[in-house]
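The values are calculated or read from the model by the stated rules, or taken from the named source; none is laboratory data. Bear in mind the structure is a predicted one, so any value in this text is a computation, not a measurement. A quick note on method: Cβ atoms are made from the backbone with ideal geometry, for glycine too, and the neighbour counts reach across all protein chains shown. Heavy atoms of the whole protein, side chains included, go into the accessibility calculation; ligands, DNA and RNA do not. Shrake-Rupley method; radii C 1.70, N 1.55, O 1.52, S 1.80 Å.
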Amino acid sequence: MVSMRRTVYRRILMGLIVCNLVALVTYGYYLLKTSVPDEMKILLGQEEEFDFSLPIHASISEDAVGVLYVNQKPLSENDIKIDLSSPFSVSSNELGRYKVQLTLFGIIPIKDISLEVIEEIEVIPGGSVIGLQVETDGILVLGTGTVMGSDGTYYEPADGLIKSGDYIVAVNGEKVSKKEELIERIGKKAIQLTIERDGKTRKITLQPVKDSTGDYKIGVWIRTDTQGIGTLTFTTTNGYFGALGHGITDVDTGVLMKVGNGSIYEAEVLNIIRGREGTPGELVGIIRRASNCCIGTITKNTSQGIFGQTDSRRTVTNGTMSIGLKQEIKLGPATILCQVDSKIQEYKIEILKIDFSSSGGNKGLVIQITDPELIKKTGGIVQGMSGSPIIQNGKLIGAVTHVFIRDSTKGYGTFIENMLKQ
């Protein structure tokens with residue numbers, strides 16, 4: 001009996017050891033994947049320093065031979081495999097994109113990364129609060145509901161056919177973009193709706209229901225526009241802008257909105273609702289909708305922010321600034337530019353974490369507000385500060401995107417190169 005118990009205990013102990021080893025290996029593999037960017041960029045004609053301090057090797061595609069310089073030596077056919085456990089440098093005098101395969105100890109595949117040689121980019125850092133006005137490309141469905149018919153019975157004409165997040169783009173083959181256009185086309189006869197869902201178009205047929213007032217309805221809740229306040233991240237010398245650092249999503253569905261028409265305007269902060277644990281704060285302000293207060297036109301709404309063209313009548317007043325690539329960012333002190341009162345000011349922050357993996361999305365940086373003045377004013381990061389430029393060592397490296405609900409002094413940021421990619 002004692003012998004059997006000992007055998008059972010040994011097996012349990014061995015099982016626990018094996019589980020711990022598997023967990024450690026899995027976690028170590030995850031750390032390796034997230035410690036190296038999925039995409040790396042280097043500037044044309046400039047030597048970029050890297051130091052991953054990891055037991056990994058890189059195999060660079062053969063089309064980089066004679067084009068890339070590693071540790072100041074031209075890459076040759078005999079040197080396409082490189083040990084990255086020690087600091088190294090990469091440079092090139094030709095624009096291009098190259099594939100790099102990473103392996104652990106030169107044996108176990110980790111992932112493929114893209115190495116791109118780009119021209120140096122300079123932008124004008126923003127920081128000003130802006131107003132956003134967006135009209136959807138199509139009619140966004142918030143949800144479906146019941147309609148009480150003229151006979152007193154409740155009907156659900158859209159149930160199972162339309163769902164939250166769909167876009168109605170046409171009725172009986174005719175394009176619609178406004179709420180009024182949809183209502184005008186709903187009558188006694190069955191109608192054919194063209195909807196877009198997950199990037200695909202489909203057609204459905206609905207039978208409207210006559211309600212107690214004599215109107216015909218299809219039982220859907222819809223939205224065609226939205227507005228709000230955010231922060232301008234950058235403008236370019238050739239007339240483009242980027243803002244927010246995250247996309248405009250519908251407040252009810254959480255869906256990234258398809259932009260049909262949109263503009264950004266000058267805005268004024270009237271009040272600040274301070275952030276506290278469990279509740280994000282907010283910049284409360286007004287949007288100056290006069291034509292002479294329009295800053296630009298929104299052409300793209302993406303997970304990395306909103307982008308578009310600036311008004312040609314506006315002149316650039318701030319100086320340009322170089323961008324900082326991912327590998328240049330360091331843990332430690334940095335600053336943000338934002339406007340929480342009458343003017344743009346620079347405030348101190350700390351970069352706490354850097355996530356190079358693609359899963360980081362627009363949350364590649366974890367930051368903390370350390371400036372006593374900003375904490376006194378806002379309590380930390382508040383809604384409306386999204387898009388505030390993050391600056392380190394004199395370079396624009398990213399933008400504020402989200403706030404931590406449990407600690408308003410902390411939040412996320414996105415890399416500036418991710419925004420410029422859009």
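Structure notes:
- Yes/no for GLY138 being crowded, with 18+ Cβ neighbours inside 10 Å, in contact (Cβ under 8 Å) with a residue 12 or more places away in the chain and either within 29 Å of GLY239 (Cα to Cα) or in contact with a helix residue (DSSP H, G or I) (Cβ under 7 Å, 6 or more places away or on another chain) (or both): yes
- Residue identified as touching a Gly at 6+ places or on another chain (Cβ under 8 Å), under 30 Å from ILE397 (Cβ atoms) and open to solvent by 20 Å² or more (accessible area, probe 1.4 Å) among ASN93, ASN71: ASN93
- For region 45-67, a residue qualifies if it is farther than 26 Å from ILE108 by Cα and part of a loop (DSSP other than H, G, I, E, B), and the qualifying residues are GLY45, GLN46, GLU47, GLY66, VAL67.
- Looking only at region 160-193, and only at residues there that are part of a loop (DSSP other than H, G, I, E, B) and of a type in the set (D, E, K, R), the one that is surrounded by the most Cβ atoms within 10 Å (Cβ to Cβ): ASP166
- Candidates in region 217-245 are the residues that are assigned to a strand (DSSP E or B) and open to solvent by 70 Å² or more (accessible area, probe 1.4 Å); of these, the one that is nearest to GLY319 (Cα to Cα) is TYR240.
- Hits in region 392-416 - residues which are within 18 Å of the chain's Cα centre (by Cα), assigned to a strand (DSSP E or B) and touching a residue at least 60 places away in the same chain (Cβ under 8 Å): LEU396, ILE397, GLY398, ALA399, VAL400, THR401, HIS402, VAL403, GLY413, THR414, PHE415
- Filtered by the rule that a residue be at pLDDT 75 or above and more than 17 Å from SER114 (Cβ to Cβ), region 29-69 gives GLY45, GLN46, GLU47, GLU49, ASP51, SER53, PRO55, HIS57, VAL65, GLY66, TYR69.
To keep it simple, each residue is scored yes or no on (1) surrounded by fewer than 20 Cβ atoms within 10 Å (Cβ to Cβ); (2) more than 28 Å from GLN46 (Cα to Cα).
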| residue | (1), (2) |
| --- | --- |
| ALA267 | no, yes |
| THR279 | yes, yes |
| VAL284 | yes, yes |
| ARG288 | yes, yes |
| THR302 | yes, yes |
| PHE307 | no, yes |
| LYS330 | yes, no |
| CYS338 | no, yes |
| GLN345 | yes, yes |
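- Some residue of region 409-422 being open to solvent by 10 Å² or more (accessible area, probe 1.4 Å), touching a strand residue (DSSP E or B) at 6+ places or on another chain (Cβ under 8 Å) and among the β-branched types (Val, Ile, Thr): yes
- Here the condition is being within 21 Å of GLU417 (Cβ to Cβ) and open to solvent by less than 60 Å² (accessible area, probe 1.4 Å); of ILE60, ILE80, it holds for ILE60 alone.
- Restricting region 256-303 to residues that are part of a strand (DSSP E or B) and out of contact with any strand residue (DSSP E or B) (no Cβ under 7 Å at 6 or more places or on another chain), the residue that is nearest to SER342 (Cα to Cα) is ARG276.
- Residues considered: ILE82, ILE42, ILE121, ILE113. Of these, the only one that is aliphatic (A, V, I, L, M), farther than 30 Å from GLU268 by Cβ and more than 25 Å from the chain's Cα centre (by Cα) is ILE82.
- GLY319 vs. criteria surrounded by fewer than 16 Cβ atoms within 10 Å (Cβ to Cβ), small (Gly, Ala, Ser) and within 30 Å of VAL117 (Cα to Cα): yes
- Those residues of region 372-396 which are surrounded by fewer than 24 Cβ atoms within 10 Å (Cβ to Cβ), under 15 Å from LEU325 (Cβ atoms) and not small (Gly, Ala, Ser), in sequence order: ILE391, GLN392, ASN393, LYS395
- Residues that are in a loop (DSSP other than H, G, I, E, B), without any contact (Cβ under 8 Å) to a residue 12 or more places away in the chain, open to solvent by 80 Å² or more (accessible area, probe 1.4 Å) and more than 30 Å from LEU270 (Cα to Cα) occur at least once in region 145-159.
- Summed over region 196-216, residues that are within 17 Å of GLU156 (Cβ to Cβ) and assigned to a strand (DSSP E or B) total 7.
- Within region 43-72, residues that are under 13 Å from GLN101 (Cα atoms) have Cβ atoms under 9 Å from residues that are acidic (Asp, Glu) in these pairs: ILE56/ASP83; HIS57/ASP83; ALA58/ASP83; ILE60/ASP79; GLU62/GLU77, counting only partners at least 6 apart in sequence or on another chain.
Residue-by-condition table, conditions (1) assigned to a loop (DSSP other than H, G, I, E, B); (2) small (Gly, Ala, Ser):
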| residue | (1), (2) |
| --- | --- |
| TYR69 | no, no |
| ILE82 | no, no |
| SER86 | yes, yes |
| SER89 | no, yes |
| ARG97 | no, no |
| LEU102 | no, no |
| ILE130 | no, no |
| GLN133 | no, no |
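- Boolean, SER212 is exposed (fewer than 15 other Cβ atoms within 10 Å of the Cβ) and touching a residue at least 40 places away in the same chain (Cβ under 8 Å): yes
- Some residue of region 101-112 being modelled with pLDDT of 80 or more and within 18 Å of SER59 (Cβ to Cβ): yes
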